[in-house]
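The values are calculated or read from the model by the stated rules, or taken from the named source; none is laboratory data. Just so it is clear, the model here is predicted, and its values are computed rather than measured. Here the Cβ is made from the backbone with ideal geometry for all residues, glycine too, and neighbour counts use every protein chain on show. Note: accessible area is taken over every heavy atom of the protein model, side chains too, but ligands, DNA and RNA are not part of it. Shrake-Rupley method; radii C 1.70, N 1.55, O 1.52, S 1.80 Å.
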Amino acid sequence: MAGDSVPLLKGSVDLLIMQALAARVTHGYGVMRWIEEATGAELQVDEGSLYPALYRLEDRGWLVSEWGVSENNRRARFYRLTPKGRTQLKAETGEFLRFARAMFLALEVQAGGVSGR
Amino acid sequence: MREDTLWQRYWRYLSAGVRRDVDDELAFHVEMRANELQGHGLPADLARREAHRRFGDRTKIRATLHRIERKRGRRMTLSFLVQELMQDVRYGIRGLFKRPGFTLMTASSLALGIASTTVVLSLIDAYLLRPLPVKNPGELVVIGATNRANGSMVAGVLGLPTVRDIAARTDLFQGAAATTMITAAVRPAENDPADRGFFLGVTGNYFSVLGVSPSIGRMLTPDDDRQRERVVVLGHRMWSSRFGGDPAVVGKTIRLNTVEFVVVGVAPPEFRGTELLFDAAGFVPSGVVGILDQGAKDREARRDGGRFTVIARRQPNRTVADISSALGVLAEQIEAAYPEVGEQFRLPVFLESHARPNLPSAGWMIPVASVFATLALLVLLTASVNATNLILARGSTRATELAVRQALGASRGRLISQLLTETLLLALLSLACGWGLARLAVGALTSVPLAVDGLPLSWGVTLDLRVFGMTVVVTLLIGLLAGVGPALSASRFALQQRLREGGRAGLGRRGRRARSALVIVQVAASLVVLVCAGLFVASAKQAGKVDVGFRSDHLLTFGVDAGLAHYDQQTARAAFDRIEGAVARIPGTRSMVWANTVPIKKGAVGMSEVQGDGDARLGLFTAAVGPRYFEVLEMPVLEGRGFDVTDDSAHAGVVVVNRRAAETLWPGKSAIGKNVRLDRSGPPLEVIGVVKDSRYLVIAESPRPYLYRPLAQQYAPAVFLHIRTTVDAAGLIGPVRSAVASIDKDLAPFDVRTMDDVLDTSPNGTLVLRLGAAFVSVIGLLAVALTVVGLYGVIAYSVAQRTREIGLRMALGATRWTVVRSILADGGKLALTGITIGVIGAVLVSRMVGGLLVGSRSADAGIFTVVAIGLGLAALLSSYLPARRAARIDPLKALNDG
């Protein structure tokens, strides 16, 4: 499974985490699962980047965490997007999409021309 | 390995929880993964192992997370602390404004303590601590000389040969210089008026030993000294006041005592010479001192009768004790080779900082400073205990507020920190007031003119950053001292007892008794000080009216010193006659006479031992005065006659004695016609008159024996003209000055003053009494202020403590008046005890200071009564305020609140 996935671009982990938390309050594992599902398992975040990213985002004030009880009755740390984080998400999403569109335009047109796909 | 800082250790303790959280979070993650895998059909143990494998390097992730958390934690703790502090400060300021009475009382008490400590600190700093502005001042020592005859320490007595012997000891000293002080008249240019100033005659190595560099030009060198160059380095003050701070002065020729000197440099502003009280106008080579001061001419080469003091830089490895014993040996060798230095010749050595303000007071400053420091410390302690009482009194009235805050979740530490912040704010406020007060006090002190020989001295006392730093430390200490106790007790009792017992929180019975005792001591001490102040004030008043034995109004004096200019006896006498003639032409002068003394200012020039009838020998002070001196000064001649113009060198030697001398030497007989000898080999002098006793040296002295000689029979180069005027003497100061200046520019009149002014401002006149009166009055006011605040604090505290009890009594029918009376009685009891003890103390102390005072002590009873009643009233007033508050207590509320 891990072997099939596309390596993540730098900076996109933060964006994905915030997007994951945009509509729900969940723990680290939940964020990970959401990313897998939302990207059709194309993108995978490993724990080594996920947790440091979560902590850093909290440190910046874009997330807050609190301890709660998970769906299987375990003590778990739940993350929530702050209003500040939401603004940040909006800004970064816009920026990333512009960037992605530009990249897509450039690469897809060229690649299409060469490979004929 | 590096030791953890305290902060790191503290953080490790805090972060234990954080670590556990990180571990829990990661464990949860693995568990969820294992669950999921199990859901896909894997067996439990395999699922767990797979989950762990997929997780990757758990240790590394954990370390990363810990690092991020740690950074965040630090930042949060810090900002949290800052926020708390800001809140405390806001809260504190609001609290201080809400209770202006309390704030005023406490701050004024603390401010008085801080101000008195600051003043004492500034004195200690100036006379003990502040290093000379030279290189490594700690290495400097000063050396004087003593012998059996002069006994105690004397400065300025070493001859240059002895100085050279000392300087040769390079095993002890890196260098040894010598200084002597001379008075010289400075004239910037030929036709300028002359100004007298203190000059230091210094050996050529003086500036290199001290390591002082010039502001402009150069300093003196050993060559200047060896070749007796007539060169001068000006003091910075003299340069800026008389030479307009003009750098072109270097190379110019100026006149010192009519001799031409070339200015070679200007000393830096901070260096004012090595004599603390004397602001050196300039420095000249020791080799030319004889040119400036005729008296020193033939003394330079002598072992005895020299005039130098050594200031030396010790070798770093030599202690003062080493040097002292080495110089002991040297002194013995000198004494053996040159017996003229006197028996038991010694060369005492002191650290420069221990020999201030001058060598004769060496080793004397430390005990004096300790006494003053102790006094200041006592005032400070009293002030801080007063503040403690006030804070306690307030603390117990607000204990309920604290209890509520604690109940709402404020921790004890939080309450303590808030109470401490309040106290420190109070301390800062007091610091501002105290510093202002101290500035006023030091300003008042240094504005008192001190003068020697008509030249002003500098106090050398300043309130600079050093003193301010010390004051800040003192303030913080006093703030903590006054605040910690109340903060601890208030916070401790706040919740537990306040809510349960109501209104009885606070320190125990012992604390209360200690506070009462302190107030009693305060009352007693203020009474003693106030009585002293009263005695001094009364005495100073009386001194203004004391019969000095001559008529001091309509009398003007000034001095001229022919020794400074090149006069011999004959030309000097001629010049004096010309001056007298010029003054006599000024309208408003009636008669005048020369003398080598001025009563009280320079009361005597010599002391002689005189043989009377039988074994009666008497040491008496002497003066040389001109014809009709007693008539001009209006001193009654009781027997015989005063001096006349015929009592000159061509006629037989005569003297006039005062009544005290006549009665002691020839009791029951007439003194007229008796002969006296002033020294064993001298000619017999006939007593021709007896005059009434007057005040000679000190205005407060009791009659002392005194002897006058005719000025014509004893030459004195420095003399004072006493002018009896028909108009206000002060109005003639200007005319006299210009009349004398027109005679000879080199004979500038100095210290032109009316006799009343002399009596008022001389150190031996009423100045000391008035200074003493002012000083004691200030201390007295300070004591009263502290006492009133102290009494108020204690009573207010006890009222606050007894709110419930008072409420109960009022509920049971006590009237407001009963309550007020009982509280006033509490204060009155304390005050009365203090006053009783104080009266006893004051009686003892007034006997001790009696010798310093002028006039009868008939006013004593009045002073005692006034002070005791005044203090009693002040005590009642300071208990009335809390009493009134007690009377306003609403019984219902008091009982319910409990």
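Think of the protein assembly as shown as having a plus end and a minus end, set by charges on the Cβ of Lys, Arg, Asp and Glu; of B:VAL593, B:THR64, B:SER552, B:THR64 sits farthest toward the positive end of this dipole.
By accessible area of protein heavy atoms, probe 1.4 Å, what ranking do B:ARG737, B:ARG237, B:ARG356, B:ARG513 get, highest first? The partial results should precede the final answer.
Values: B:ARG737 110, B:ARG237 140, B:ARG356 10, B:ARG513 160 Å².
Highest to lowest solvent-accessible surface, that is B:ARG513, B:ARG237, B:ARG737, B:ARG356.
Evaluate the charge dipole of the protein assembly as shown about its Cα centre and quote only its size in Debye, nearest 20, assuming +1 on the Cβ of each Lys and Arg and -1 on the Cβ of each Asp and Glu. The partial results should precede the final answer.
Numbers: 119 positive and 91 negative charges, 965 e Å.
It works out to roughly 4640 debye.
Order of B:61-67, B:694-700, B:369-375 by packing, highest average Cβ count within 10 Å first?
On the way: B:61-67: 16.6, B:694-700: 20.3, B:369-375: 13.9.
Peptide ranking by packing, descending: B:694-700, B:61-67, B:369-375.
Can you give the helix-only mean residue ellipticity at 222 nm for chain B, where every DSSP H stretch with n ≥ 4 adds -39500 (n - 2.57) and the sum goes over all residues, rounded to the nearest 500 deg cm²/dmol?
On the way: 25 runs with 467 residues, N = 898.
-17500 deg cm²/dmol, from helical runs alone.
Relative to the dominant Cα principal axis of chain B, helix B:766-801 is inclined by about 20°. State the answer as a single residue: which of B:LEU81, B:THR725, B:ALA336 lies farthest towards the positive end of the charge dipole of chain B, with beta carbon charges of +1 for Lys and Arg and -1 for Asp and Glu, about the Cα centre. Among B:LEU81, B:THR725, B:ALA336, the one farthest towards the positive end of the dipole of chain B is B:LEU81. Taking every residue in A:68-77 and counting other chain Cβ atoms within 10 Å of its Cβ, the average works out to 3.
A simple rule links phi to the HN-Hα coupling: the Karplus curve 6.51 cos²θ - 1.76 cosθ + 1.60 with θ = phi - 60°, which for the stretch B:629-637 gives 4, 5, 5, 5, 7, 6, 9, x, 8 Hz, with x for Gly and Pro.
Heavy-atom accessible area for B:MET470, with the other protein chains in place and a 1.4 Å probe, reaches approximately 50 Å². Amide H contacts of B:ASP192 (H built 1.01 Å from N, in plane; Pro and chain starts excluded): no residue 5 or more places away or on another chain comes under 5 Å. Dipole of the protein assembly as shown computed with +1 at Lys/Arg Cβ and -1 at Asp/Glu Cβ about the Cα centre; of B:SER208, B:ALA887, B:ALA432, farthest Cα towards the positive end is B:ALA887. Placing B:CYS433, B:CYS532 in order of accessible area, with the largest value first and a 1.4 Å probe, yields B:CYS433, B:CYS532. Taking label points 7 Å from Cα along the Cα-to-Cβ direction, B:GLU190 and B:ARG169 give a separation of 5.1 nm. What you get for chain A, charging only the Cβ of Lys and Arg (+1) and of Asp and Glu (-1), is a dipole of about 400 debye around the Cα centre. Residue by residue along B:26-32, Cβ atoms of other protein chains within 10 Å of the local Cβ number 6 on average.
What separates the Cα centres of the stretch B:157-236 and the stretch B:755-816 is a distance of 53 Å.
Against the globular-protein guess of 2.2 N^0.38 Å, express the Cα radius of gyration of the protein assembly as shown as a ratio, rounded to two decimals.
Working: Rg = 43.7 Å, N = 1015, 2.2 N^0.38 = 30.5 Å.
Normalised Rg, Cα atoms only: 1.43.
Residue by residue, the stretch B:580-591 carries 3J(HN,Hα) couplings of 4, x, 5, 5, 4, 7, 6, x, x, 9, 10, 8 Hz when phi is fed to the Karplus relation 6.51 cos²θ - 1.76 cosθ + 1.60 (θ = phi - 60°); x denotes Gly or Pro. Working from label points 7 Å from Cα in the Cα-to-Cβ sense, the A:LEU107 to A:VAL69 distance is 4.6 nm. In chain B, the sites counted are GluC sites (Glu not before Pro) in DSSP loop states with at most 10 other Cβ atoms within 10 Å, and the longest stretch holding none of them, exclusive of the sites, is B:344-898.
Surface listing: B:MET76, A:MET18, B:MET810 arranged by accessible area from highest to lowest gives B:MET76, B:MET810, A:MET18, probe 1.4 Å. Note on the stretch B:619-635 and the stretch A:24-60: Cα centroid distance 112 Å, given to the nearest whole angstrom.
When the dipole is taken about the Cα centre of the stretch B:655-737, and only Lys, Arg (+1) and Asp, Glu (-1) are charged at their Cβ, what size is it in debye, to the nearest 20? Each step should come with its number before you reach the end.
Working: 12 positive and 6 negative charges, 29 e Å.
Magnitude of the dipole: close to 140 debye.
To the nearest ten degrees, helix B:816-849 and the longest principal axis of the Cα atoms of chain B are 30 degrees apart. Counting Cβ atoms of other protein chains within 10 Å of each Cβ in A:49-56 and taking the mean gives 5. Between the amide H of B:GLU639 and those of B:VAL690, distances stay under 5 Å, these residues lying 5 or more places away or on another chain, with hydrogens modeled in the peptide plane. With the helix formula -39500 (n - 2.57) applied to DSSP H stretches of n ≥ 4, chain A reaches a computed 222 nm mean residue ellipticity of -19500 deg cm²/dmol. Phi angles across the stretch B:188-195 convert, under the Karplus curve 6.51 cos²θ - 1.76 cosθ + 1.60 with θ = phi - 60°, into 3J(HN,Hα) values of x, 9, 2, 9, 6, x, 7, 10 Hz, Gly and Pro given as x.
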